[in-house]
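Below you'll find the structure I mean.
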Amino acid sequence: MNPDLKSLYRDTLLKHSREPSNRELLPCANATAKLKNPLCGDLVSIHLQIDDDHVKQATFEAQCCSICMASASMLTENVARSPIQETQVFASSLIDMLTDPDKKLSLPENDLNALSGVKEFPSRIRCATLPWEALLAALAGRVKDQV
């Protein structure tokens, strides 16, 4: 990966970790999931307001590292106002692309591209995928609390 691209990814992740979007409780949430990475202690809760088979709003609460924080922030920006089925497929694909070293990342032209830089650090991949796994759990219609 070229140095300019690494710098862009690092800057994007830092921006989202320092000034995360939608980091708050969502009082009108009707789907939620809370997951913990026991290896590092990252803890993230995803809160969704779902109406008419669409994610109307997404927020998160977290006590986690900067990569997990940035990933959760980007998640909330990218799934709001999206159909549930498309969101599930996208989240599953993103997790697969981050966890499979042979898969290339094909992400929208937005901040999510910064997550592709995490593939160079296998020990941090779970940090990036944890919020997306919580999203899938919430979308599955379960209130999931795996702490």
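Read-outs: derived from the displayed coordinates by stated rules, not from any lab. The structure presented is a predicted model; accordingly, all values stated were derived computationally and were not measured. So basically every Cβ, Gly included, is an ideal-geometry build from the backbone, and we count neighbours across all protein chains shown.
Going by a ≥ b ≥ c, the root eigenvalues of the Cα gyration tensor, does the chain fall in the rounded group (a/c under 1.5), the prolate group (a/b larger than b/c) or the oblate group?
Verdict is prolate for the chain.
Find how much the distance from Asp100 to Leu39 grows on full extension, using 0.36 nm per residue of separation minus their present alpha carbon separation; answer in nm with one decimal.
Full-extension gain reported as 20.0 nm.
Which entries in Lys56/Lys103; Lys15/Lys36; Lys34/Lys104 show an alpha-carbon gap greater than 25 Å?
Lys56/Lys103; Lys34/Lys104
Using the basic label-point model (7 angstrom from Cα toward the beta carbon), what is the Glu86 to Arg18 distance in nanometres?
With each label point 7 Å from Cα toward Cβ, the separation is 3.3 nm.
Could I ask something else about it? Quick one: Karplus J couplings for the stretch 86-100, per residue in order, coefficients 6.51, -1.76, 1.60, θ = phi - 60°, nearest Hz, x for Gly and Pro?
Karplus values, whole Hz, x for Gly and Pro: 5, 5, 4, 5, 5, 4, 4, 5, 4, 4, 4, 5, 7, 8, 9.
Near Thr87, within a Cβ-to-Cβ distance under 14 Å, what is the net charge of the other residues, with Lys and Arg +1 and Asp and Glu -1?
-4
Quote the charge dipole size of the stretch 3-146 about the Cα centre in Debye, to the nearest 20; the model charges only the Cβ of Lys and Arg (+1) and of Asp and Glu (-1).
With Lys and Arg at +1 and Asp and Glu at -1, about 380 debye.
Around Asp42, which amide H atoms from residues at least 5 apart in sequence, or from another chain, sit under 5 Å from its own amide H, with H modelled in the peptide plane?
Close amide H contacts, sequence-distant or interchain: Asn37.
On to the next question. Work out from phi, with θ = phi - 60° and the Karplus expression 6.51 cos²θ - 1.76 cosθ + 1.60, the ³J(HN,Hα) of each residue of the stretch 117-133, listed in order in whole Hz, and give x for Gly and Pro.
x, 5, 4, 6, 10, x, 5, 9, 4, 4, 4, 6, 8, 3, x, 6, 5
Another question, then. How far is helix 66-79 tilted, in degrees, relative to the longest principal axis of the Cα atoms in the chain, given as a value from 0 to 90 rounded to the nearest 10?
60 degrees
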